[in-house]
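A.B. asks: Here it is, the structure, as structure tokens.
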Amino acid sequence: MEHQIALELVRITEKAALEAARWTGRGDKNSADEAATTAIRSHLNSVAIDGTVVIGEGEMDEAPMLYIGETVGNRRGPKIDIAVDPIEGTETVANGLNDAISVLAAAPEGNLLHAPDIYMEKLAVGPQLAGHLSLNDPIETTLKKASAALNKSMSEMTVSILDRERHRDLIGALRKAGVRIKLLKHGDVMGAIEAATDSEVDMYIGSGGAPEGVLAAAALKSLGGEMQGRLLPDGPEEAERVQKMGLADPRQLLGMDDLVGTDHVIFVATGITGGDFLSGVRYMPNQKAETHSVIMHSGSQMVSFLRTIHKLPLTREIFTHAAI
């Protein structure tokens, strides 16, 4: 059942990616996002689940579809939480840059954190560092612990972080420690996932969107990595929103069980624009297009890559896959 649901969900992110990719480089992020959102919403109800959107396009009064609390699926399957970002990187698509993806995560009801659309402080690592670090520590302590656990000198370590003005002091501390820094222009989900893949990045730190933190945690659970987070409400109104979503202490340290629960999680994503982890949509002769996707299962920690050739309009023709 879990495998079948995963295949259905990745079919949906494929459709969203194909629709969004038509807007690549056209400078119109809103139209790209609308195209991807409509594609996902129009196909979710065909999936044999009784689903509830816990992370989506916003709250009910902010989003016409895929809003938090919206019910999806055909009601003939298991009750599950759905976290969705039709485009992770709308400006990336609009500007024709790399690493935009369409992404979905699913878990049994009650497992995924109902994260509001505010900032979250994050620490993401791969299997070698999982369980060794704490977001409560100063960054200098974190780096020393990571260096010891990895048996690497500081100069051999690489830390990724979004290139934002709010991270100026943190970047300064990294420079002082002597680690390599990978500055990310965009891609909060992919930035965190990279720390648990076969890349040069040892950890991802800094603040980014809370919904993206939950999505990344779903992938990291399947990769044997770890995400720690702390919500950063800006004022009493945002703190109250956090409490209404179930967290008594808006600034508590959130571990993997808090973010994605203790049950199995499915994570699927399809590349919209090209990247190191997923290739983007490639249009081909004879009204065909190619997509590249990933399916992750936390239970088996199996990661499968799918290369799919579509006959346009969106009729799925063939796919091949490889698992690692």
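The values are calculated or read from the model by the stated rules, or taken from the named source; none is laboratory data. The structure presented is a predicted model; accordingly, all values stated were derived computationally and were not measured. FYI the Cβ positions are ideal-geometry reconstructions off the backbone, even for glycines, and counts take in every protein chain you see. What goes into the accessible areas is simple: the full protein's heavy atoms, side chains included, and nothing from ligands, DNA or RNA. Shrake-Rupley method; radii C 1.70, N 1.55, O 1.52, S 1.80 Å.
A.B. asks: Filter the trypsin sites (Lys or Arg not before Pro) in region 1-81 to those in DSSP coil with at most 11 other Cβ atoms within 10 Å of their Cβ, and list the result.
C.D. replies: R76
A.B. asks: Please give the charge dipole size of region 56-195, origin at the Cα centre, charges +1 on K and R Cβ atoms and -1 on D and E Cβ atoms. Round to the nearest 20 debye.
C.D. replies: Using Cβ point charges on Lys, Arg, Asp and Glu, region 56-195 gives about 820 debye.
A.B. asks: Which of the three applies to region 8-65, rounded, prolate or oblate, going by the alpha-carbon gyration tensor with a ≥ b ≥ c and a/c under 1.5 meaning rounded?
C.D. replies: Because a/c hits 1.5 or more and a/b fails to exceed b/c, region 8-65 counts as oblate.
A.B. asks: Once you've got the GNM for the chain with C-alpha springs shorter than 10 Å, pick whichever of G73, G235, G209 has the biggest mean-square fluctuation.
C.D. replies: Answer for the Gaussian network model of the chain: G235.
A.B. asks: For the chain, modelled as a GNM with alpha-carbon contacts under 10 angstrom, which of L133, L184, L18 fluctuates the most?
C.D. replies: L184
A.B. asks: Lys pairs in the chain, Cα-Cα under 21 Å, at least 8 apart or on separate chains: how many?
C.D. replies: 19
A.B. asks: I would also like to ask the following. Under the definition of Cα pairs under 8 Å and six or more residues apart, what whole-number percent is the relative contact order of the chain?
C.D. replies: 19
A.B. asks: Over the chain, with every protein chain in place, what whole percent of the accessible area is carbon and sulfur at 1.4 Å, could you tell me?
C.D. replies: Ligands and nucleic acids excluded, carbon and sulfur reach 48 percent.
A.B. asks: Moving on. Once the other residues with Cβ under 11 Å from the Cβ of K221 are scored (Lys, Arg +1; Asp, Glu -1), what is the net sum?
C.D. replies: That works out to -3.
A.B. asks: Rounded to the nearest 20 debye, what is the charge dipole size of the chain about its Cα centre when +1 sits on each Lys and Arg Cβ and -1 on each Asp and Glu Cβ?
C.D. replies: 880
A.B. asks: Can I ask one more? With every protein chain left in place, what is the accessible area per residue of the chain in square angstrom, probe 1.4 Å?
C.D. replies: 43
A.B. asks: Going by alpha carbons, how many degrees (0 to 90, nearest 10) lie between the helix axis of 2-21 and the longest principal axis of the chain?
C.D. replies: Once rounded, one gets 90 degrees.
A.B. asks: Next question. Along the Cα-to-Cβ line of K185, 7 Å from the Cα, sits a label point; which residues in region 133-176 have backbone N less than 12 Å from it?
C.D. replies: Under 12 Å, as judged by backbone N against the label point of K185, lie 163 of region 133-176.
A.B. asks: Using only DSSP helix segments of four residues or longer, with each worth -39500 (n - 2.57), what per-residue ellipticity at 222 nm results for the chain after dividing by its residue count and rounding to 500?
C.D. replies: Estimated from H runs of four or more residues: -9000 deg cm²/dmol.
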